[in-house]
Amino acid sequence: MTTEASTRRPRRRSHRLAYAGLAALFLLAVTGFVRNASTSVELLRHRSDYARAPFHLGDANWGAVGLLPEAEAEGIKFADTVLAVNGRPVDGYFVYYGAVRKAKPGDRLRVQIKTPGPQNDPVRELSIELRPYRSSADPAMSLAEYAVFTLQAFVLPIICIALGFWVAAARIGDPSAWLLLVLLLSLVGGSEAAEFTFGREGAVHSFLAGFTAFRAGLLVPALLLFAIVFPERLPLDRRFPWVKWIVVGYLVLVSTLLGISVGLWTHHLEWARQYTSPPIQLLTGVEGDFGGFVSFVAIVACAASLGWKVFAAPSRDARRRLLLLFVGAVPFVVALLIVVLAGRFEYIIPTWFYLPLFTMVLVFPLTLAYVIVVHRAMDVRVVIRQGLQYVLARGGIRVIQIALLVGATIAATTVLTASNAGTASVAIVVAGLAGVAAIGGRFADRLRRWVDRRFFREAYEADAILSDLASKVRTIVETRPLLETVATRVAESLHIPRIAILLYGEGAFQPAFALGYEGSPDVAIPADGVTVARLRKQQHALVRFDDADSWVHLTAGAERRSLEALQPELLLPLSLNEKILGIVSLGAKQSEEPFSKTDIRLLDSVAAQTGLALENGRLTAAVAAEVAARAKQARDIEIARDVQQRLLPQEFPPINGLDYAGTCRAALGVGGDYYDFIPLSKTQLGVAIGDVSGKGIPAALLMASLRAYLRGAQTIHHQADLTEVMRNLNTLVYESSAANRYATFFYGELDVPSRVLTYVNAGHNPPMLFRRTANGADVARLDTGGPVIGLIEDCVYQQGSVALTEGDVLIAYTDGISEAMNAVNEEWGEDRMMAAVGPQRAASAATLIDVLMNAADAFVAGAPQHDDMTLLVVRAV
């Protein structure tokens with residue numbers, strides 16, 4: 001409980017900040033809309049009372065453009081620099097457009113003009129007679145002009161603002177909703193004339209002008225992002241997500257600089273010339289060619305992205321919704337391309353074409369609204385899953401809160417749009433609006449909590465709870481906590497009193513966890529029944545006992561009685577890869593409302609994630625069992641290793657005239673190498689070394705059998721004929737092991753007084769006898785014997801003998817020593833082993849063993865040990 005509460009607090013704080021930002025953005029959008037609409041209506045009603053601008057100022061006052069007849073009559077030329085208006089230097093657009101806005105038709109406007117260029121023309125003083133914005137003698141506006149005016153000034157802004165803020169408010173944490181808001185706000189352009197846009201004095205109007213330009217510049221990047229991510233990301237974007245950010249980042253940067261530049265034009269024209277115009281020209285080109293090209297490519301990419309999504313839609317329903325969106329987006333994209341191309345080639349769009357152009361633009365937000373509201377491409381409605389009284393109580397609180405916000409917004413808009421609104425007024429309005437929002441929000445939160453307590457239900461958004469649950473269950477691997485979490489959270493969010501989760505076992509699905517029942521329901525749904533077959537065909541199944549056409553009536557017997565005992569209204573399969581692992585039975589909601597499409601969509605997601613979690617839990621349990629088994633096996637091997645080590649000589653009793661020692665290091669826990677020193681009498685010592693094929697437990701068992709036979713046969717029934725000993729060993733291994741099991745073996749008996757060694761070598765690496773001769777050192781190989789033991793049923797062996805003299809050293813080894821390999825698969829080899837023995841011939845047997853083992857380890861340099869390593873040394877002293 002504490003953890004959930006602590007995780008909800010940051011989310012609530014972030015949502016509050018998001019709502020605060022949304023409210024500020026709403027204030028800006030409504031203020032701009034009210035300003036534009038009121039000015040447009042004023043111009044329409046009193047068009048003959050306002051003067052029109054005889055020319056317009058180009059970007060950053062590069063010169064006079066858009067010359068009207070009254071300006072041309074006074075001798076003004078295209079791109080002439082305007083130095084002063086009515087005696088005031090033009091340091092901002094407000095100087096010129098403010099003078100026009102305050103003037104009346106018939107007044108004269110005094111301007112200082114200078115023609116730029118090398119001819120160095122003098123400054124000219126001109127006086128222009130101002131004409132009305134639209135004379136009363138002019139013909140009345142046509143129906144098409146009225147339609148364009150209505151669409152541009154009212155219909156399009158209202159639809160875009162209402163739809164955008166509705167979606168963002170309902171899905172405050174959804175990035176797609178905010179992207180849709182930005183896209184729709186960028187369609188809300190200014191409709192007032194330039195003399196009214198830049199003719200207003202004050203920082204507020206400069207900011208609104210810059211904000212409007214910035215907002216309009218976001219249209220193309222917002223449209224590109226929307227087309228890529230809505231309703232699902234484009235597959236190409238999943239592979240190369242950085243590509244879109246290059247284009248979008250460039251367009252947003254240009255839009256930001258343009259918005260700042262337009263905001264500066266009003267009062268700080270020189271700043272715009274110095275600081276914003278150069279980077280804009282650098283980014284877009286002097287004529288804006290590069291910026292227009294990027295916008296053109298982005299618009300084409302939008303249409304291509306939506307078209308691809310329609311083509312690649314996974315289902316007929318998704319294809320239908322995307323097709324509607326595509327049909328609405330195509331006219332909008334075509335209209336944008338027309339505007340971009342007309343601006344690039346400086347083509348003036350005829351007035352009669354504005355009506356179809358605005359109609360094409362309007363189709364897109366209308367289509368968005370239809371797809372969102374009717375076809376639910378984006379889930380924007382937070383469905384209130386409570387009783388009528390609860391809905392009315394919470395709805396009333398929301399209405400009061402909205403009414404307070406709307407009232408404060410209207411009051412703030414009235415003050416901000418006033419021509420004499422100063423900085424102090426703006427500060428007071430903003431502070432008052434923030435206070436109303438804070439007090440109203442705190443009061444509404446307290447009132448809602450009281451309503452929650454009064455009507456026994458927590459004010460959770462069920463879709464948020466279930467979405468979080470779908471993500472959370474993936475991390476739960478234990479079955480009982482998983483089922484308890486899913487059932488409890490679903491019951492709390494949708495207020496379902498009875499929930500049962502059934503898991504598969506013994507041919508049927510039986511309850512594993514239940515809520516709201518008197519004890520665990522005694523039910524069983526057969527795996528081959530109608531219910532399971534129904535759930536295999538679709539993601540969920542509605543249960544209607546009172547519907548004669550329902551699939552429920554196809555069930556019979558125990559299956560029908562089980563369904564009646566569960567009393568479900570909705571069944572969900574817990575499945576993975578078309579394998580049903582369990583069934584979730586959901587009873588009717590307390591409000592007696594049916595499950596909505598949003599409920600079912602979210603529950604399907606929860607069920608899918610729960611099925612994945614169940615399988616993960618099963619795999620985790622299997623892995624845990626495997627780990628436990630391996631741990632037990634490791635312990636068993638450790639015990640076997642200890643036993644095997646005890647089978648090897650633990651000490652080397654002193655024998656006059658001999659110095660001997662041995663060692664064995666298994667590659668795994670246990671191995672198939674064997675060596676032994678068997679005291680046959682006070683004057684005789686048996687020496688044995690062997691290598692059983694393979695590794696691990698089987699080889700170790702065979703090695704133990706060899707040791708037992710050899711020691712029993714030679715210590716109890718001493719056999720003088722060593723060839724007979726080897727034949728018996730061969731028979732034992734052949735009869736007691738598989739066909740692919742064999743062993744190399746060397747066995748010899750040393751008579752200490754005479755120092756004569758009698759031996760038989762059964763396919764083992766010939767031991768080396770290092771002896772001194774008149775010519776220096778010599779190495780003899782003891783290879784007399786026969787084939788390996790256990791491979792052929794009946795073998796004949798020969799016996800060899802050799803006499804040792806003082807200082808001779810006998811070294812016997814297995815191939816794990818001579819064939820020790822380094823990281824590049826190079827063997828140590830017998831030559832290197834003999835070279836290592838040479839300088840140490842006079843050393844003791846134990847020291848010589850350490851020298852050889854260390855030399856082999858140094859050669860392999862940490863490479864894995866591939867075979868058992870066994871070594872014994874006998875030295876005549």
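Some values worked out for this structure:
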read-out	value
In nm, spacing of pseudo-spin labels at V339 and W242 (7 Å Cα→C-beta vector)	3.3 nm
All Cα pairs of segment 30-108, percent lying beyond 18 Å	49 percent
Exposure ranking of D547, D237, D867 by accessible area [1.4 Å probe, largest first]	D547, D867, D237
Surface share of carbon and sulfur [accessible, 1.4 angstrom probe, percent] for segment 603-688	58 percent
Range of Cα positions in segment 831-877 per principal axis (Å), largest first	37, 19, 16
Selection of trypsin sites (Lys or Arg not before Pro), segment 533-577, meeting DSSP coil and at most 13 other Cβ within 10 Å	R544
Protection proxy ranking of 481-487, 627-633 - average other beta-carbon atoms within 10 Å, highest first	481-487, 627-633
Whole-number D in µm²/s for segment 728-835 (Stokes-Einstein; Kirkwood sum over Cα pairs; 37 °C, 0.692 mPa s)	210 µm²/s
Segment E484-F290, length gained on full extension (0.36 nm per residue, minus Cα span)	63.9 nm
Segment 779-877: C-alpha gyration tensor shape, a/c 1.5 cut-off, then a/b vs b/c	oblate
Label-to-label distance, nm, for residues given as T847 and E125 (7 Å Cα→Cβ offset)	12.1 nm
Inter-label distance for S605 and D831, nm, one decimal - labels placed 7 Å from Cα along Cα-to-Cβ	7.1 nm
Exposure ranking of W828, W242, W166 by accessible area [1.4 Å probe, largest first]	W242, W166, W828
Calculated FRET efficiency for the pair S596/A565, C-beta based, R₀ 30 Å, to 0.05	0.70
Taking only Cα atoms of segment 258-303, radius of gyration then Dmax in Å	13.1, 40
Extended-chain gain in nm, criterion 0.36 nm per residue less alpha-carbon gap, A304 and E626	110.7 nm
GluC sites (Glu not before Pro) within segment 739-816: DSSP coil, no more than 13 neighbouring Cβ in 10 Å	E793, E806
Gained length - F154 relative to R544, 0.36 nm times residue gap less alpha-carbon distance	135.5 nm
Rounded FRET efficiency, nearest 0.05, which uses the C-beta distance separating D642 from F311 and R0 of 60 Å	0.30
Mean shadow area of segment 516-618, taken as a quarter of the surface of its Cα convex hull (nm²)	7.3 nm²
Whole-number percent relative contact order across segment 484-543, with pairs defined as alpha carbons under 8 Å at least 6 apart	22 percent
Translational diffusion of segment 715-758, µm² s⁻¹ [Kirkwood Rh, Cα pairs; Stokes-Einstein; 20 °C; 1.002 mPa s]	174 µm²/s
Per residue, in Å², the accessible surface of segment 22-103 once ligands and nucleic acids are set aside, probe 1.4 Å	40 Å²
Too-long pairs where the Cα-Cα distance tops 20 Å, listed order kept, from K244/K309; K472/K579; K537/K597; K77/K114	K472/K579
Highest-first arrangement of 33-43, 217-227, 693-703, where packing means the average Cβ count within 10 Å	217-227, 693-703, 33-43
Å² of accessible area per residue within segment 753-877, as computed with a 1.4 Å probe and no ligands counted	44 Å²
Solvent-accessible area per residue, Å², over segment 480-612 with all protein chains present [probe radius 1.4 Å]	47 Å²
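The values are calculated or read from the model by the stated rules, or taken from the named source; none is laboratory data. All of these numbers come straight from a predicted model, not from anything done at the bench. Quick reminder, even Gly has a Cβ in these numbers, built from the backbone with ideal geometry, and neighbours come from all protein chains shown. Heavy atoms of the whole protein, side chains included, go into the accessibility calculation; ligands, DNA and RNA do not. Shrake-Rupley method; radii C 1.70, N 1.55, O 1.52, S 1.80 Å.
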